[in-house]
Every structure is written in C-alpha cells, then in structure tokens.
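Working notes, structure below.
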Amino acid sequence: MTGVFLTIDTELAPGLHRRGLSLAENLAKTIYAQCAQADFGVSYQARRLAQAGLKAVFFVDPMPALVYGTEFLKPIVSDVLEHGHEVQLHLHTEWVDLAAKPPVEGRGQHLWMFDAVEQEALVACATELLCRAGAPVPVAFRAGNYGADDRTLRALHRLGIAFDTSFNPAFAPTQCRISLDRGEVGPVRHENVVELPVSCISDWPGHIRHAQLNALSSWEMRSALKHAAKTGQTAFTIVLHSFELIERGRLRPRQEVVHRFEALCDLLAANGRDLPTRGYLDLAAEEMRAPATARRLPANPVRTGLRMLRQLSH
C-alpha cells in the first residue's frame, strides 16, 4: 500500500501585485482560477476531490496577508476544511519585499537566502497568519519554489512542525538546497523532521521529472503510481497548484491539464486500497520509512515521446 499525498500549492502571485492588479483580480486568477467557462481553482479542486472520495492537502501561503491582512484567507481555509481536506503551511518569501512592515530585514526569492534566525522568524510569522485565518496549527510545510535548505528543516523542528515536503530532486541542488541525494525516493528523517520528497520519474536516461500535474502525462502519472504500489513505496507525493488548470494570461482552461486532473481523480478513486490518499495529520513519523529497494519509475522513450508530442501540439 502506497500513501498518495495530493498536495496543492495555494498561493497568490506577487508578480501580479507588482503589476498593479488588485487583490480581487489576483484571487480570481490564482486562487479561484476563474475563466468564462467555469472556475477551476481551489473551490473546484476541493469539491471534485471530495466527490471522488479523495483527501488532499492544500499548502496555503499566508504571506500575502503581510500586504492585505488575513480576511481574504478565511474563506479559502474554510472551503478546504469543509470539504474534508487539510490545510498545511506554504511560504513564498517574495512577499517580504512587498510588506510595509516586514517581519525580517533580509530579502530574497528563496528561504535559503535568509539566515537561520530569519528563516525561523518567517516560518513562525507564516504559522501565526495561517492560524489567524482559521487553519489548525500546521504539522507539515513546503517552501515556495522548493527553496529550502537544512536550516529550514532545523527551524521547522524547533517550531514543532514534524513533516516537510520541500525537497524536489528535480530542482536540487540549485533551487532546492536540502542536502539529500537526488536519488532519494521515499520518506527520510533529516534534520529531525520527516522529509517526504516530491516524487519523480526518470523520463530519459540521466534526467528526472517531478510528479506535477502539468509536468507528467496521465500515462506517466498512472505508471508511476502503479510502480510505487508494486515496489512497496510508503509514499508518493504529487504537486499541483491552485491556478494550474487554467492559462492565467488568456483566462481559459488548460484542457490537457484538466483532463489529467480528472483522470487522476478517477484512477485514485478506483484504487483506494493500494493507493489511498493521505494527509499529514494522521501520520506517525515512524511509519514513514522508504523500503531499501525503492526506485523511481524507469525511463520509457515511448511514454516520454508521446507526452512531448502532445505538449508541442498544445
């Protein structure tokens, strides 16, 4: 049995704020993914997943509250919780630059650009903002842009956050600077927290691609999940974003990604015994151990080639 962690990074775009868009416009594009046909953001995703009997984890970034206050976060948090999903902590440091009264002196796009004291202060600040918006105290964390390092994990431990999922092997060691091997597949205790890496596949020899909805085809995702279950992996972490199902520039659905989302819902709903969806609140740290034989899905040139052809046609 492989626990599937459906993780949804739920975030406003600091770039849209810099371009002068209002809070309402930013919410429409990034959180609710609104377009003429329908909304495809948090409300749609939370509802559709619940209808399929699936549990997801919405990693909500509360840092825009440094600019807007926490009121806008409350309906987002409430919507997620009412549909039976989890809210955990996400943190984009770009909002520090935009705050009238920033919580730290440092600046940077990634958490690792801040010193250890600043990182702890930022995580503590984000936790307070998220809880002020009605979320339970978080037990899991993901850094914005996967931009964490070992000091981040030490800060999480000091603040009582037991799980991290910032390590994305496809972005290491440049953007993500957690000192784990890129070959790490399953959960591992590192710096006194349990790290659950974003899952990846080998898409051609010497290259890996992470399990994000817009990065893998339905065939690749299905093959990776079945491989994980067959090889006894304890966890498989999938990433998507609140805005991922639409083209934010043209405000229209990304039909291929919507299809992948629906296919993933159907696949997991039909395979709940071997691939149950999980959250972090019901986890015990000691159960999250990767088998020594864990290996990511090997490359398949036909599978990879078909995905690339579809991408070119869209």
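The values are calculated or read from the model by the stated rules, or taken from the named source; none is laboratory data. Worth saying up front: this structure is predicted, and the values here are computed from it rather than measured. Neighbour counts run over all protein chains shown; Cβ positions are idealised from the backbone, glycine included.
Numerical summary
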quantity	calculated
Cβ-Cβ under 8 Å pairs, at least 6 apart or on other chains, region 253-265 side under 21 Å from Arg278 (Cβ atoms) and in a helix (DSSP H, G or I), far side of a type in the set (Val, Ile, Thr) and modelled with pLDDT of 95 or more	Leu264/Ile238
Selection status of Glu191, touching a residue at least 60 places away in the same chain (Cβ under 8 Å) and touching a Lys or Arg at 6+ places or on another chain (Cβ under 7 Å)	no
Residues of region 202-232 satisfying the condition of being surrounded by fewer than 24 Cβ atoms within 10 Å (Cβ to Cβ) and either touching an Asp or Glu at 6+ places or on another chain (Cβ under 7 Å) or part of a loop (DSSP other than H, G, I, E, B) (or both)	Pro205, Gly206, Arg209, Leu213, Asn214, Ala215, Ser217, Ala229, Thr231, Gly232
Those residues of region 121-150 which are among the charged types (D, E, K, R) and buried (at least 20 other Cβ atoms within 10 Å of the Cβ), in sequence order	Arg142, Asp149
Residues being among the aromatic types (Phe, Trp, Tyr) and closer than 24 Å to Ala124 by Cα - total across region 162-201	2
Scan of region 126-139 for residues that are in contact with a Ser or Thr (Cβ under 8 Å, 6 or more places away or on another chain) and touching a residue at least 60 places away in the same chain (Cβ under 8 Å), ordered by number	Leu129, Arg132, Ala133, Gly134
Test result for Ile8, surrounded by 19 or more Cβ atoms within 10 Å (Cβ to Cβ), part of a strand (DSSP E or B) and in contact with a helix residue (DSSP H, G or I) (Cβ under 8 Å, 6 or more places away or on another chain)	yes
Output for region 72-89, where each listed residue is more than 19 Å from Thr277 (Cβ to Cβ) and either under 18 Å from the mean Cα position of the chain (by Cα) or in contact (Cβ under 8 Å) with a residue 12 or more places away in the chain (or both)	Phe72, Leu73, Lys74, Ile76, Val77, Ser78, Leu89
Answer residue from region 11-37, given it is in contact (Cβ under 8 Å) with a residue 24 or more places away in the chain, crowded, with 17+ Cβ neighbours inside 10 Å and farther than 24 Å from Leu89 by Cβ and is farthest from the chain's Cα centre (by Cα) among those	Cys35
Checking Arg47 against (1) in contact with a helix residue (DSSP H, G or I) (Cβ under 7 Å, 6 or more places away or on another chain); (2) surrounded by fewer than 24 Cβ atoms within 10 Å (Cβ to Cβ), the condition it does not meet	(1)
Given (1) in contact with a Leu (Cβ under 7 Å, 6 or more places away or on another chain); (2) within 12 Å of Val198 (Cβ to Cβ), number of the condition Val139 does not satisfy	(2)
Test: residue in region 140-161 that is over 15 Å from Glu120 (Cβ atoms), in contact (Cβ under 8 Å) with a residue 60 or more places away in the chain and in a loop (DSSP other than H, G, I, E, B)	no
